[in-house]
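Here's the structure we're looking at; comments come further down.
The values are calculated or read from the model by the stated rules, or taken from the named source; none is laboratory data. Given the structure is predicted, the values throughout are model-derived calculations rather than measurements. Note that each Cβ is placed from the backbone with ideal geometry, even for glycine, and that neighbours are counted across all protein chains shown. Note: areas computed on protein heavy atoms with side chains; ligands, DNA, RNA excluded. Shrake-Rupley method; radii C 1.70, N 1.55, O 1.52, S 1.80 Å.
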Amino acid sequence: MATIKDVAKHAGVSTTTVSHVINKTRFVAEDTKAAVWAAIKELSYSPSAVARSLKVNNTKTIGLLATASGSPYFAEVIQAVEEACYKKGYTLILCNTQNDLEKQQAYLAMLAQKRVDGLLVMCSEYHPPLLSLLENNHAIPMMVMDWNKHSGFTDNIEDNGFHGGYLAARYLIERGHREIATITGQQNEFTGRERHKGFLHALKEANIDILPEWIIEADFQPQEGYDGVMKLMKLKKRPTALFCGGDVIAMGALCAAGDMGFRVPEDISVIGYDNIRHTRFYNPPLTTIQQPKESLAVMALDMLLDRIINKRETSHSIELHPELVERKSVADGPYLKK
Ligand SMILES: Nc1nc2[nH]cnc2c(=O)[nH]1
């Protein structure tokens, strides 16, 4: 592979001139520039990012310690992170860890060895061993994207999942429902837990009791939504509305309702959470709560770059604001005041 020295020799100039031509850091005469670019082309020279990194002490790379890019929600956030990195001239290194501590350890070590400039963390579950692991690597500028606790050494985002869950329940209540069930995301995940708490709070505030069998603690999988609706719709007392803690759960829920011969929203109303791209094409199009995934990605990266570039050491927290997206999966319930 050609080096900068080869290019300089080929073009009959110094390596410094080659560097100035490539980086546009100084005036260089047009014919010299042309000779350098011709040599670069002829030798298929590509500037070494490694050599550059050694010189400037940064790598223009960001690590993302993620959960699983196969889930539609994470896929959309990761795509937005990648796009934001690209726009700022950074390369993203994606590490899917599937909540496996060994993988988290191994990837963190690799990212540290690769000298990433900063780390985005979206691991879903923040148990003590993971937190110690992150703290042990606090020398790397860090932003946690799905946890609202102030850790002191990282920045973080408050996604207001509690408010989002509250909005979902309020909407169902305002549409005249009181028999409301829920199939939650996993309760050891911050997003799953906060959304569920907000949902319960709205019911309590409206003096609505929820039957214990109407609360199905699940995880963010369509199968869980499917199985959940199968159980709910076989109960003697069926709910008229259902809040699913994630759109992928709602996908399974709609499928089960159809398989059992129930119509959505006529027989049961369904509301989801996340507003993943495909929900517009669900049958019926899903009413859901918008998790601002692009803002999450852009804000997380901006804050991380602020830590990296401005050497900020104090922790900052930023907020996202969920919003209702009305489509066609919720009908008026029996208690609607006209
Ligand atoms: N694991 C997981 N966590 C989430 N948090 C918000 N949405 C999701 C999802 O679809 N899966």
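Please calculate the 1.4 Å probe accessible area of residue 224, with all protein chains present, and give it to the nearest 10 Å². It works out to around 60 Å².
Of the residues 53, 295, the one with the largest accessible area comes first in the ranking 295, 53, computed with a 1.4 Å probe on protein heavy atoms. Straight-line cross-link reach from residue 87 at under 18 Å between alpha-carbon atoms covers these aspartates and glutamates, not counting any fewer than eight positions away in the same chain: 76, 117, 294, 302, 306. With the cut-off at under 20 Å, measuring from each backbone N in region 99-124 to a point 7 Å along the Cα-to-Cβ line of residue 153 picks out 100-124. Projecting the Cα positions of 63, 1, 190 onto the charge dipole of the chain (unit charges on Cβ atoms of Lys, Arg, Asp and Glu, taken about the Cα centre) puts 1 furthest along the positive direction. Going by alpha carbons, how many degrees (0 to 90, nearest 10) lie between the helix axis of 161-174 and the longest principal axis of the chain? Computed tilt is about 30 degrees. With bins 20 Å wide beginning at 0, the percent of Cα pairs of the chain falling in each bin runs 28, 42, 21, 8, 0. If you line up the long axis of helix 293-309 against the longest principal axis of the chain, both from Cα atoms, how many degrees apart are they, to the nearest 10? The answer is roughly 40 degrees. Once Rg and the Kirkwood radius are both taken over the C-alpha atoms of region 4-47, their ratio Rg/Rh works out to 0.90. Looking at region 20-73, the pairs of alpha carbons with a distance over 14 Å make up 71% of the total. Run lengths n ≥ 4 of DSSP H only: what is the helix-derived mean residue ellipticity at 222 nm for the chain, with -39500 (n - 2.57) per run over all residues, to the nearest 500? When only DSSP H runs of four or more count, the value is -13500 deg cm²/dmol. Carbon-plus-sulfur accessible fraction, the chain (probe radius 1.4 Å, protein heavy atoms only): 52%. A simple spin-label model places pseudo-atoms 7 Å from Cα toward Cβ; at residue 318 and residue 30 they are separated by 4.4 nm. Note on residue 5 and residue 188: with the Förster distance fixed at 51 Å, the Cβ-Cβ geometry gives a FRET efficiency of about 0.35. Surface exposure of region 1-94, expressed per residue as accessible area with a 1.4 Å probe, stands at 61 Å². With the convex hull drawn over the C-alpha atoms of region 175-283, the volume per residue is 97 Å³. The overall shape of region 127-234 is prolate: from the C-alpha gyration tensor, with semi-axes ordered a ≥ b ≥ c, the ratio a/c is 1.5 or greater and a/b exceeds b/c.
Listed by chain and number, the aspartates and glutamates whose alpha-carbon sits under 18 Å from that of residue 41, ignoring those within fewer than 8 places in the same chain, are 6, 30, 31. Taking all protein chains into account, the per residue accessible area for region 161-291 stands at 41 Å² (1.4 Å probe). With N as its number of residues, region 102-159 has a Cα radius of gyration that, divided by 2.2 N^0.38 Å, comes to 1.04. Mean-square fluctuations from a GNM of the chain, with a 10 angstrom spring cutoff on Cα atoms, peak among 78, 309, 140 at 309. Largest mean-square fluctuation among 93, 289, 62, in a Gaussian network model of the chain whose springs join Cα atoms under 10 Å apart, belongs to 93. Judged by the ratio a/c of the largest to the smallest principal axis of the C-alpha gyration tensor, region 182-231 counts as oblate, that ratio being 1.5 or greater while a/b is no larger than b/c. Separation of the alpha carbons by more than 21 angstrom is noted, of 149/293; 55/103; 149/197; 114/149, for 55/103; 114/149.
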